[in-house]
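Each value in this text was obtained by applying a stated rule to the coordinates, not by laboratory testing. Owing to the predicted nature of the structure, the values given are computational and were not obtained by experimental measurement. Quick reminder, even Gly has a Cβ in these numbers, built from the backbone with ideal geometry, and neighbours come from all protein chains shown.
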Amino acid sequence: MDKGKAKRVAILVHHQVALFELGCATELFCLPRPCTDTLYEGEVVSFTAKAQLGLGGVSLQCRQVSSLMDYDLLVVPSWPTTPQTKGCSLQSVYAAVEAFAAERRQILTFCSGAFLPAEIGLLDGRQATTHWRYANTFKKRFPKVEYVGDVLYVWQDKLACSAGSSAAIDLGIEYLRRSHGYELANSVAKRLVMAPHRQGGQAQFVETPVSKRPDHFAGALDWALANLDKPIMVGDLAKQAHLSRRSFDRKFRQSMGLAPKEWLTQQRLRVAQKALESGSETIDHAAQVSGFESSATLRHHFRKAFGISPGQYQRQFACPDKAEDMCRE
């Protein structure tokens, strides 16, 4: 693809496509917005000429295609969870997706969309996820796939799967972050009125009752985010939440799906990433503003989380002029 040319995105639909996940895909890749309108050209496509019927009887007139090779990114919003009759249309879909994957082009699946690459065998020997309600069906139908539960999304090289419903947006935002950096991802997240980055390891669902008293727990998290450049112990968080350390640990795991120390590290890494992406900060300064003890500690956690060093990340994503232009509102 030519440098500067918008990436073409195919959003593949089928009979009884889930409209929420389809909406997530079109919101992310079809809706014109100042920070992405020159980056993506999205189209809803189908391999049949007839209009596709969405849930609730909505009729969708899509562009008919016989190949996906004109596109750079494939999004599968949903897919049937039961085996389908292998007619000509289905065989054409399988062949097209296989050819697309063979070219190492990016594929994103939302919710039950993971069933499509799994049916073809693209997920054999890999990790994948889908909505928790389909977990047992998925594991029985695809024993060669390593199903991962209680996550928002799983990223495996050029094939990434999200869990159900709103996790589709999480995966889409993560794709934008990996492709263009935090500034762009934050800009899109802001327009969607959502958090810019929930980690893929966060639980799909948490049961957190509405508090009848002032929420000191949420206040403790806000306090931590405002003081990440300072040393923070888990005991400090518990004190801010007006809870014992044991009660705080238990409530934190129930609410956030991970340990407090892991959460703190994730938040520090986000601050470090933003500092590195500015292009003007040293690794030592990024470690300082994000609250890591030293640049060596930052390097350790950064490589463990992202598989690359802070220096490599900065060289890949630091582009202040471009980020400013893309995300100006």
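Here is how the numbers come out for the structure above:
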item: Charge sum, other residues only, whose C-beta stays under 12 Å from Gly235's C-beta, Lys/Arg counted +1 and Asp/Glu -1; result: +2
item: Sequence ranges 9-22, 46-59, ranked by mean other-Cβ count within 10 angstrom, highest first; result: 9-22, 46-59
item: Residues whose placed amide H lies under 5 Å from that of Val44, excluding near-sequence neighbours; result: Ile11, Arg63
item: The chain: antiparallel DSSP beta bridges as a percent of all, rounded to 5; result: 25
item: Greater than 32 Å apart at Cα, pairs in Lys144/Lys190; Lys86/Lys139; Lys5/Lys261; Lys139/Lys251; Lys5/Lys190; result: Lys144/Lys190; Lys5/Lys261
item: Whole-Hz ³J(HN,Hα) from phi, Karplus 6.51 cos²θ - 1.76 cosθ + 1.60, for the stretch 268-278, glycine and proline x; result: 5, 5, 4, 5, 4, 4, 5, 5, 5, 6, 5
item: Cβ crowding within 10 Å averaged over residues, with 266-273, 216-223 ranked highest first; result: 266-273, 216-223
item: Most positive-pole-ward Cα, Thr36, Gln316, His285, against dipole of the chain from beta carbon charges; result: His285
item: Mean Cβ count within 10 Å, highest first, over the residues of peptides 158-169, 119-130; result: 158-169, 119-130
item: Cβ-placed point charges (K, R +1; D, E -1), dipole of the chain about Cα centre in debye, nearest 20; result: 860
item: Radius 13 Å from Cβ of Gly149, net charge of other residues (Lys, Arg +1; Asp, Glu -1); result: 0
item: Cut-off 14 Å between beta-carbons: net charge of the residues surrounding Thr265, Lys and Arg +1, Asp and Glu -1; result: +4
item: Whole-Hz ³J(HN,Hα) from phi, Karplus 6.51 cos²θ - 1.76 cosθ + 1.60, for the stretch 298-313, glycine and proline x; result: 4, 4, 4, 5, 5, 5, 5, 7, 10, x, 9, 7, x, x, 5, 4
item: Beta bridge orientation in the stretch 38-112: antiparallel %, DSSP, nearest 5; result: 25
item: Long-range amide H partners of Gly164 with built H, under 5 Å; result: His131, Trp132
